[in-house]
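Taking it in order: structure first as structure tokens, then the write-up.
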Ligand SMILES: Nc1ncnc2c1ncn2[C@@H]1O[C@H](COP(=O)(O)OP(=O)(O)OP(=O)(O)O)[C@@H](O)[C@H]1O
Ligand SMILES: [Mg+2]
């Protein structure tokens with residue numbers, strides 16, 4: 001089996017990378033894929049908490065890299081009956097304790113056994129970012145519809161391209177449909193025209209996300225949650241399904257007013 | 001001579017040409033370029049080179065890759081990229097060599113020379129063997145149509161005073177969005193077929209044309225040419241420069257720039273300050289536009 005490694009990154013902190021990693025990973029596993037999520041936010045680990053696996057950590061990523069334990073000893077199996085594993089970050093070390101090539105090597109191993117390796121990237125553009133992105137073949141960028149997050153996303157897209165990671169996909173997280181309707185928040189089109197990349201998902205601001213995080217049960221488990229539904233659809237698109245983006249509607253959540261697929265060929269290269 | 005690889009290296013006098021198969025994907029080209037350079041690393045010494053990308057449309061990050069491949073594998077420094085749109089009319093020639101200034105007139109190639117792939121090589125050409133891979137040849141040898149990439153003015157071992165060939169149309173085309181944190185310096189014109197985002201910087205000795213929204217900082221005529229202009233489909237950028245004259249959008253224009261219904265603009269130098277006017281052609285007469293003096 002040759003799976004692929006996807007990094008989930010953002011530049012700006014707190015926009016929802018870890019939330020997206022946990023939920024897309026869980027949703028991909030629910031769809032029958034073998035999935036491993038890797039927390040590379042060394043020193044500030046979160047993914048284990050959001051997935052409710054904090055108490056089961058024995059070994060971590062740095063232990064694997066340093067050869068203290070075997071790869072599968074650091075893989076924590078999710079409580080459910082599907083194939084989902086977590087490799088947690090070390091909490092007592094820093095981002096410089098691993099090298100990009102080491103993470104790449106580890107992911108190559110994982111790709112042999114898993115359909116998807118998802119990497120939760122730390123915020124920023126320093127060593128942690130370099131580690132996380134050098135291991136991946138594809139990138140998903142998370143932003144919120146705010147100018148500062150978008151500016152950082154723009155920077156990140158440029159950096160990814162110059163390191164050979166082309167055509168990243170964009171998740172716009174924490175959209176408040178009422179605000180968009182009032183003209184107080186950028187909509188999908190605004191963000192798309194600023195960043196010129198393909199949007200793979202629109203996630204509404206949904207307090208259930210926070211409730212779920214506190215309980216350690218990713219929000220995709222909550223069938224009634226609008227954010228959960230959005231992450232399920234993102235996972236389906238990652239998995240190759242052709243699902244149009246939905247308009248996020250105020251009040252009664254999601255109405256299936258289809259918007260026509262977003263331009264995928266926006267960044268074609270004439271010779272490739 | 002049957003060529004099967006995407007990159008051929010042909011040395012002619014002091015010029016070295018990398019002939020690149022137009023249909024080869026960039027990855028392949030990059031890999032072979034890397035291979036060629038490292039195999040022949042003994043041939044290169046320190047010096048500056050310029051790279052002609054022909055008509056191949058390269059994204060910025062690809063230019064960066066070409067630059068880094070050449071620099072890490074040869075010790076050469078890539079000082080600029082240029083392309084010659086007019087050099088590639090028909091698809092049946094393979095390489096256009098720039099006439100290099102040669103010590104002895106015998107060697108001078110007066111005009112760009114058109115070569116068929118199968119033709120024998122002139123006495124003053126050295127063909128470095130292409131990679132030895134014995135893969136199936138491309139559809140036909142002559143279909144290796146002419147995307148050429150000439151490295152000219154190579155200050156290789158024997159040549160200390162290579163004079164650069166200047167091409168009138170030294171435009172650099174950039175097809176992808178120029179993003180925050182990215183910078184570019186180019187000795188000719190720069191055309192960006194996308195947006196230039198805030199936090200990006202471009203310096204060009206010639207004109208800068210943005211077929212998109214110019215939101216970053218650009219400097220046209222960077223080596224002093226006050227005749228250089230900046231043209232953009234949308235010009236919300238509040239600050240840019242032509243030659244030594246900085247321009248800052250007046251408060252009124254800054255407010256207006258939020259409504260993008262403004263149309264293409266040209267910025268130029270007039271009586272020592274930057275003016276911006278609706279675009280009416282590169283060489284139209286522009287009188288007083290909106291002064292960008294803050
Ligand atoms: N769609 C959403 N609706 C409401 N809250 C959200 C949503 N997405 C994320 N959040 C909340 O935002 C906070 C930050 O999310 P998260 O930790 O996933 O961000 P991050 O990008 O991983 O942050 P860091 O850069 O610190 O790693 C969390 O409290 C999370 O519950
Ligand atoms: Mg996080």
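Things to note:
- Within segment A:207-249, the residues that satisfy the criterion of being surrounded by fewer than 16 Cβ atoms within 10 Å (Cβ to Cβ) and within 15 Å of ligand 1 (Cβ to nearest atom) are A:207, A:208, A:210, A:211, A:214, A:215, A:221, A:224.
- Number of positions in segment A:134-146 that are in contact with a helix residue (DSSP H, G or I) (Cβ under 9 Å, 6 or more places away or on another chain), under 21 Å from residue A:177 (Cβ atoms) and away from ligand 2 (no atom under 15 Å from the Cβ): 1
The rows are residues; the columns are (1) within 16 Å of ligand 2 (Cβ to nearest atom); (2) touching a helix residue (DSSP H, G or I) at 6+ places or on another chain (Cβ under 9 Å); (3) over 21 Å from residue A:130 (Cβ atoms).
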{"position": "A:5", "(1), (2), (3)": "no, yes, no"}
{"position": "A:15", "(1), (2), (3)": "yes, yes, no"}
{"position": "A:46", "(1), (2), (3)": "yes, yes, no"}
{"position": "A:53", "(1), (2), (3)": "yes, yes, yes"}
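- Within segment A:110-133, the set of residues being more than 16 Å from ligand 2 (Cβ to nearest atom) and in contact with a strand residue (DSSP E or B) (Cβ under 9 Å, 6 or more places away or on another chain) comprises A:110, A:111, A:113, A:114, A:115, A:116, A:117.
- Note on segment A:164-206: residues that are within 11 Å of ligand 1 (Cβ to nearest atom) and out of contact with any helix residue (DSSP H, G or I) (no Cβ under 9 Å at 6 or more places or on another chain) amount to 1.
So that you can scan it fast, the table gives a plain yes or no per residue for (1) within 12 Å of residue A:15 (Cα to Cα); (2) within 14 Å of chain B (Cβ to nearest Cβ); (3) surrounded by fewer than 20 Cβ atoms within 10 Å (Cβ to Cβ):
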position	(1), (2), (3)
A:138	no, no, yes
A:152	yes, yes, no
A:156	no, yes, no
A:161	no, yes, no
A:182	no, no, yes
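- Elements of type helices (runs of 4 or more DSSP H) in segment A:168-249, at least 2 residues being without any contact (Cβ under 8 Å) to a residue 12 or more places away in the chain and within 16 Å of ligand 2 (Cβ to nearest atom): A:207-215
- When residue A:165 is tested against the conditions (1) touching a strand residue (DSSP E or B) at 6+ places or on another chain (Cβ under 8 Å); (2) away from chain B (no Cβ under 11 Å), the lone failure is (2).
- Counting only residues that are part of a strand (DSSP E or B) and either surrounded by 18 or more Cβ atoms within 10 Å (Cβ to Cβ) or modelled with pLDDT under 95 (or both), segment A:1-58 holds 10 of them.
Yes/no per residue for (1) more than 12 Å from ligand 1 (Cβ to nearest atom); (2) closer than 14 Å to residue A:118 by Cα:
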position	(1), (2)
A:3	yes, yes
A:7	yes, yes
A:21	no, yes
A:24	no, yes
A:31	yes, no
A:55	yes, no
A:74	yes, no
A:79	yes, no
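The values are calculated or read from the model by the stated rules, or taken from the named source; none is laboratory data. Predicted model, so just to flag it, every value in this text is computed and none were measured. Quick reminder, even Gly has a Cβ in these numbers, built from the backbone with ideal geometry, and neighbours come from all protein chains shown.
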